[in-house]
Every structure is written in structure tokens, then in C-alpha cells.
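Dropping the structure in here first, questions after.
Every number here is computed from the coordinates shown, using simple stated rules; none is lab data. Being a predicted model, the structure only gives us computed values, none of them experimental. Ideal geometry is used to build each Cβ from the backbone, glycine not excepted, and the neighbour counts take in all protein chains shown.
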Amino acid sequence: GGGSRAGRTAYHFQPAKNWQNDPNGPMYYNGMYHFFYQYNPHGALWDIGNLSWGHSVSGDLVNWAALDTALDPTSPFDANGCWSGSATILPGGTPAILYTGIDASGEQVQNVAFPRNPADPLLREWDKPSYNPVIPLPADVPGDKFRDPSTAWLGRDGLWRIVVSAEVRGVASTLVYRSPDFLRWERAATAPLHASRAAGMVECPDLFPVKEESGGDDDGEGLDASASGDGVRHVLKLSVMDTLQDYYMVGRYDAAADAFVPAEPERGDDVRAWRRLDYGHVYASKSFFDARHSRRVLWAWANESDSQADDVAKGWSGVQTFPRKLWLDEDGKQLRQWPVEEIETLRRKRVGLRRGTVLSAGGMNEIVGVAGSQADVEVEFKVPSLAEAEALDANRLLDPQKLCGEKGASVPGGVGPFGLIVLASGDLREHTTVFFRVFRHQGRYRLLMCTDLTRSTTRAGVYKPPYGGFVDVDVEEHETIKLRTLIDHSMLESFGAEGRICITARVYPEHAETSNSHLFVFNNGTGKVEVPKLEAWELAAATVNAVGDAGLIV
Ligand code: DQQ
């Protein structure tokens, strides 16, 4: 059924209807972007035995045309589901997919699939050779804990490598497999690339190279999966089932030993103590190398925060983040993320604030002239003095999310809170805040960023937490504190300090069904805050999987 329009996004990736979860096998091939995703063609909920690979294509990562499903659970080696996996562009240019099948006996195995006709620009049909699975379940891994093959990379010894997630004798392990031909795969005899006793099963593991940044002009450039050598670092990214969060560690990958040496060993083996990819609500992310623009692009799934009954009524569930360019910060430890620049093709009406606008204590300015439910907002805050920053005990540093809850936007502070009020109803009964606060701890300043959903909707039965994280920047060195927020009906993606922190949230304001959403910039700190720059654009709706629109793209 069509369901209600409520909450549907205008420029984020969604299938026309039904359930979607993990991004799968994103790639750039023959002038076209391909995106696959975990999809239930039969309904709006995840269904353990019914997962297919949905498939869409795009010329610009903005507008998408839906094709038929690429993989369906129809073979003995995937009869109970085609689960997550990745694409690899083989030498000669043909793509291959590796994915997890739930086989006829309910066990997880790894399968390969190839395009039936590589000359078809849309790669509509995919063959699953009958010799699958290419990696059967190992004897020391339980049948329900062996999945999510990564994109492959080619070693100097001519062998392909992938990582697969497995629980080996009770320990969550990231296993390396090697292959001379992409068909015969052997588990590396070395120790797993990573093993975590504490965190429990991990999913969607990935190891990919990033360029060591010099602070020069070519910053932000991405690398192909097989890049190695001088100036190359690697990122190990893992999705932890226990918290439903994605974490990463930057390090050095030793290709000869298939070992990963973390840049921050002090964070330990428990993945939950690693850096978060996003401090909000995303999971099962996957990146790919976009050869067209020499960049690495990340996708991630943001599931619904309303009830399953709501999803059934809507007829759909799940959104993908807007594709993000991903690169390594100059510090060699943290990643930076930023919406791909193609989003700017959707920018329509632009409004701004007068240069030199100052927000005094309790100040609040409405940004009028753009539709507040579909906007791209960039704002810079300049704090004239950090002297009033509140002191913070060490124990309060441990739980930024809790701190965001206790010190919400309406709790006045020393330096901050300042930021945006988005998706606000005319009477402000519904509103979501995205804001910063500066604290002082042992002579150092700490920048906190929050997205607080507590008042985002008057509806009951919706998950509306405060989200938050500390931003890894030297506040004293930074002239201004920058924020970019993408608003798209139920989807809110915020990027702090030039992409050093991301917070994605799902929101369901009731007022949006019948009236406009308002947008404000505010300061609730004791001292004044300057706003040297604020630009807001209304964004046009993209063409995203509208029924029968494939002709528009090709
Ligand atoms: N979702 C897939 C699995 C993966 C999980 C099944 C992560 O392959 O481990 O839909 O969300």
C-alpha cells in the first residue's frame, strides 16, 4: 500500500515502499553509481528469511532510479535470505559481489555473484553461480555468526583479501580470507585482524585505506581499496550489535602479515571504546572508492525511531544517510565526513543573516524565507571569550549523551549552549535543538555537541533521546565553531567542526503534517556569541526511486 507521506524524506535514499536496512555493495562502474541495500520486498518490517538486495542507479548520487532486486533468496545457498555484502571492481573492470547467504539449513555462508551482462549499463541481472557458497561455514563458528564480507583488496603477492565477521569460540573476530581468483577463498592462518572479547558480535566489518593528510591542496582525496605504501593509513570500521553503533580505529595495515596496528592502542580491544562514526542513530555503514571524483564515499542506515505499528501504517521503514565524503584528519586519528558536493545541485532559495550578527545572552533569531522541513544550513559561531566556560569533573566527560540530556538548550551555561533550533512548530511546543557548549577541564577546553530530540514531537511512543559527543578540536586554536545541518522531514544530519563530529537523528514532528517548520539560531550562554556567517538553502526534492523513472537517469 502507499501509506502516508508523513516522515518520508525528499532527498535521502529510500525505496518507493517497504523495509530497507544496511547499505550493500555501493560502487561506481562505467559512468554510473550503483547502490544496493537490504530490502524486504514483502513488507515494511525486517523479516529474517525474506531479505533481498534492492538495487538503484544514479548519475550523480542525488537522483536515483529503482531497478528490480539484484539478489533474491532463491538458491540452496541463500534460500533463507540474501544478507549484507560488498562489491569489488575486478581488474578488467567487471564488478563482483560477495554477500552472505542464509542457506537452506539456516547457516550463514559467503557467496559470489556476477553481472549476467557486464555490457548492460544498468547491470540489471546478477548471476549466482551454482558452485556457491565460496566460503562455507567454518567448523569453529556457530551457524548464525558468520557474515558480511567486505570489498576485496589485492595484495602485492597477487592474492585478494576480504574481511568477514565471525564469532570464533565465543570471541567476536574479524577474519581475513585470501583468494588467488576470487572463487577459491582460504582463511588466513594468522590471528584475526581484530578480536574483541567484551563487545560481542560485530557486523559489517571493513578495512579501507585513507590518505595521510598533509594539510595541502589535495586533502580529502580518497584511495582505492588496494592502495598501500607510503602515506597510506587504514581504517578498521566495525558495527557492534550490542549498542547498534558504528566505531572505527585508524591504524597501519601490515599487508604481509595481514595485521592491523592501531594508532590509538590506549583505546583497547573493546570496540565500544573506539571513536564513533556518528554520535546519533546510524548503523551498518559502508564506504566505497568513487573513481570518478577520487574520493571515498560513505553510506549508513538510519532506522526508524517510531513503533513497528507506525512503520506498517506508513508502508515503509529505514532511510540512508546522504552520501558522505570521508577522509582522514590531519591528526592521523579521526575521520572527517561531509555531504558530497552534488547536494548543492538541489539548493534553491538562499537566505542569510546580516554579517556581524551578534547573539546576546538568551538571543534567538528566526531564519525566515526557506521551508524549514527541507533545508541545508551552514552557520559559524565566534566566541569572543572562553572565560565563562563552566568547569567539568572528569566523570562527566565519560557520558556526553547524558550531559546533553542534563544540560539541554534551555539550560543557560557559561559558553553556550548556542546553535540551531530546527523543525519547530509555530508555538515552539515541538522543536529539536542542535547546539554546542564549551566546558573547562584541567585547564583545557572541551567542546560538546548535542542534538536533543526530547521536544521534537508531541507524539508518544517515539524514541526521543538527547544525542551528543565531544568534538576532538582545540577550541582555543579554532577561530570559529562551524555547524552544518541537513534537514529532510524526518531525517536530521549535523556535521560539527568541519565534519569532525556527525550526529544523525530521526524526528517525527506532528506539526509538519499540517504546517510549516521554523528555523532559529540561538544563544543561551552568559556571554555573547557572534555569527560571522549563516546561510540556509531550501533544497529541492530529488528524484528518488519514483516508480517507473529509470528513463530519467539513462
Ligand atoms: N544486517 C544484515 C546482516 C548484518 C546486519 C541482515 C547488520 O548481514 O549483519 O539484514 O544490520
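Can you pull out the GluC sites (Glu not before Pro) in region 354-463 whose DSSP state is coil and whose Cβ has at most 12 other Cβ atoms within 10 Å?
Listed in order of number, the matching sites amount to none.
Could I have the simple spin-label model distance between Glu477 and Thr74, label points 7 Å from Cα toward Cβ, reported in nm to one decimal?
5.6 nm
For region 247-317, state which trypsin sites (Lys or Arg not before Pro) are in a DSSP loop and have at most 15 other beta carbons lying within 10 Å of their beta carbon.
Qualifying residues, ordered by number: Arg292.
In Å and from the alpha-carbon atoms only, list the Rg and Dmax of the chain.
23.1, 69
Restricting to DSSP loop positions (anything but H, G, I, E, B) with no more than 12 other Cβ atoms inside 10 Å of their own Cβ, which chymotrypsin sites (Phe, Trp or Tyr not before Pro) remain in region 54-154?
Within region 54-154, the qualifying chymotrypsin sites (Phe, Trp or Tyr not before Pro) (loop, at most 12 other Cβ atoms within 10 Å) are Tyr131.
Just to confirm a number: summing +1 for Lys and Arg and -1 for Asp and Glu over residues other than Val383 whose beta-carbon lies under 14 angstrom from that of Val383, what do you get?
-2
In whole Å, what is the distance between the alpha-carbon centres of region 132-168 and region 299-359?
So the two Cα centres are separated by 32 Å.
How far apart, in nanometres, would the label points at Ala541 and Asp254 be if each is projected 7 angstrom from Cα along the Cα-to-Cβ direction?
Going from the Ala541 label point to the Asp254 one covers 5.5 nm.
How about the chain: what cysteines have no other cysteine beta carbon under 4.7 Å from their own?
So, Cys82, Cys204, Cys502.
Checking the cross-link filter: which lysines have an alpha carbon closer than 21 Å to that of Lys533, excluding same-chain neighbours under 8 positions apart?
Lys533 reaches Lys349, Lys382, Lys482.
When a/c reaches 1.5 or more, the comparison of a/b and b/c decides; with that in mind, is region 111-215 rounded, prolate or oblate per its Cα gyration tensor?
Verdict is oblate for region 111-215.
Local charge sum around Gln334 (other residues, Cβ-Cβ under 9 Å, Lys/Arg +1, Asp/Glu -1)? Mind showing how you got there, number by number?
Numbers: positive: Arg275, Lys333, Arg336, Arg500; negative: Asp329, Asp331, Asp472.
Computed value for this residue: +1.
So how do 40-47, 504-511 stack up, highest first, on mean other-Cβ count within 10 Å?
On the way: 40-47: 16.5, 504-511: 23.5.
Packing proxy ranking, top to bottom: 504-511, 40-47.
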